[in-house]
1. Return the average number of partner chain Cβ atoms within 10 angstrom of each residue Cβ along peptide B:175-182.
2. Taking chain A as a Gaussian network, Cα atoms linked when under 10 Å apart, which of A:273, A:63, A:132 shows the biggest mean-square fluctuation?
3. Could you give the Stokes-Einstein D for the range B:48-134 in µm² per second, using the C-alpha Kirkwood radius, 20 °C, 1.002 mPa s?
4. Counting chymotrypsin sites (Phe, Trp or Tyr not before Pro) as exposed when in a DSSP loop with at most 14 other beta carbons within 10 Å, what is the longest stretch of chain B free of them?
5. In the range B:183-257, how does Rg compare with the Kirkwood Rh, expressed as the Rg/Rh ratio over alpha carbon atoms?
6. Between the helical axis of B:32-64 and the dominant principal axis of chain B, each derived from Cα atoms, what acute angle in degrees is found, rounded to the nearest 10?
7. Ignoring everything except DSSP H segments at least 4 long, calculate the 222 nm mean residue ellipticity for chain B; use -39,500 (n - 2.57) per segment, divide by total residues, nearest 500.
8. Please find, in a Gaussian network model of chain B (springs between Cα atoms separated by less than 10 Å), the residue of B:17, B:104, B:210 whose mean-square fluctuation is greatest.
Amino acid sequence: MIPQDVFVAQREPEWRELDLLLGQDKELYSHDGATISRIATLYRALCGDLVRVQSARYSPDLAGYLNGIAGRTHSALYGARPIRAFGFTGLVLREFPAALRKNWRFFLLATLLFVVPWIIGQAGTMASPSFAKHVLPASQLEGMAQAYSKGFDEGRMSGVDASMAGFYVYNNVGIAFRCFATGILFGLGSVFFLIYNGLTIGTVTGWVWNAGHGGNILTFMCGHAPFELTAILISGAAGLRMGYALVATEGRTRIGSLRASAREIGAMIVGAALMLIIAAGIEGFWSPSSLPPQVKWGASVVFTLGVSGFLLFAGRSRKLA
Amino acid sequence: MKVSQTFQEPIDTSAEVETPEHVRFHHHLAGPARRALAYLIDLFVRLLIVLVLAIVANIAGVAAGTELTGLSNGILAVVFFGLEWGYYVVCETLWSGRSPGKRVLHLRVITDTGRPLHYLDSILRNLLRAADLLPNAYALGLLVMGRDRRFRRLGDMVAGTMVVVEDRQYFGEALRIHPAPTPRELSSLPQRIPLSGDELDALELYLRRVPTLHPARAEELAEIVAPVFARRLGVRFRGDARRFLEVLFFRARERTAG
């Protein structure tokens, strides 16, 4: 066995060289080819040295030093993975609808948790206006009735459209993300957000309806609803799926069970996020436009068919079709 | 590549990774304090971006009237959204697991198995922040981290990631016995030193640590061990215990190094 100091004297120049190459804190691909292959060579030699240091029981600070360089080089060498557009489109166009169909039970449950409170909220408000005031503050309800009183025959100023589209992205996608993320609390957060949002929207619709502007609010909603409401339901379903993975572990550890379902959960939430961004665009620019209601409802039918067709049929295996 | 999670693994803030080269090394795990600090830096960066954009938007709004104000408000809202939900995903994907705050503190997000972060992992772990930050100031996330041996918050558990420290470490100087042992000192010791390999290792470790110890502490430690070894060797030493250990080690190595 070589004494530690002799070993260090032999090998140290290469370690220092590797440390220096890494120390520039550049991503690996920004080095030239010769440097990259030099790093790889030095890394392999260093791995050998690390094994040697561990088995020869040299001092821990030396092992720690080599360990640190090995870790940093490993991250640099194996860290260079470019984002491929193809992988992402595959995720959205194939994996997302497939994952949703596989988890249709959760989607159904999310739908019920959203639609039933909606109906309760709307029916309750239409039956007795005092019901609404238990759900939302009166000032907010009045504001809503006011906002939909005029309809959109004259459209809005385009600056307002852009500002509202931005607000919808911030607010609505945020709601959907929170509805998903809190599903980690054994699904309870998703359940809460689905019921809460269903009840709120139902109550508002009922209130505006009572004020006599029911046609206006429904015509406003019909354009973006196929994207927005579906996406919120998908987020909720992904959250419920996550909570379910924690409960029904099928013999795995809870974290293992979570990991096993992570890919499809991820595909669902990415898909939902994109749908919400599309929805925000429609809600900001199309829904409040001055187009006649017939056109908006026609478009709504087209959107609905498009969304359901995509979710039902995209990403199916060709062999089965 | 796999990470062994057996109970033989020492209780330590490290995670073992086996590389494709079949070398095992340990990543040093990042604790809550360091990660909180990185979070604050990132928060500051984001606030700065918002502040600059808001000032620009305001100036533009005053200059160009309401039409542009609406548009710039819309853009600002989208930027808010991007900073709240997308900032970490973009940074971690582009810089393989590092945000500006993590860069400053030498942190990196990697997968459980030591591989680089995939963008889907990053999306999951950062969306789950909405759960980790409940009910306030990441309290739930901290609680979960404290219960986990790899300091993972909920987002890390769903995404299968961990945060490691990539600090640069240093090792001590070569071991030098100064001044070199005199023939007289050496002659007081037997030719063959009856110490086991473990004992010699411990002795070497001690001598390597001496420069980092306070002289009084180094002396104190030596005084515990030196009499034990002296009795075993059947010699008597007078005075400097540390010096005795140095000469002892020199003699032992002299023989093994050949």
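The numbers here are math on the coordinates, done by the rules we state, and not lab data. Because the structure is predicted, anything quoted here is derived from the model rather than measured. We place every Cβ from the backbone using ideal geometry, glycine too, and count neighbours over all the protein chains shown.
1. Numbers: counts 5, 1, 0, 0, 0, 0, 0, 0.
Across B:175-182, the average partner-chain Cβ count within 10 Å equals 1.
2. In the Gaussian network model the winner is A:63.
3. On the way: Rh = 14.9 Å.
Approximately 144 µm²/s, per Stokes-Einstein.
4. Details: sites that count: B:7, B:170.
That gives B:8-169 as the longest site-free run.
5. Ratio of gyration radius to Kirkwood radius: 0.93.
6. Tilt relative to chain B: about 30 degrees.
7. Values: 12 runs with 144 residues, N = 258.
Helices in chain B give a 222 nm mean residue ellipticity of -17500 deg cm²/dmol.
8. Comparing B:17, B:104, B:210 in the GNM, the peak value goes to B:210.
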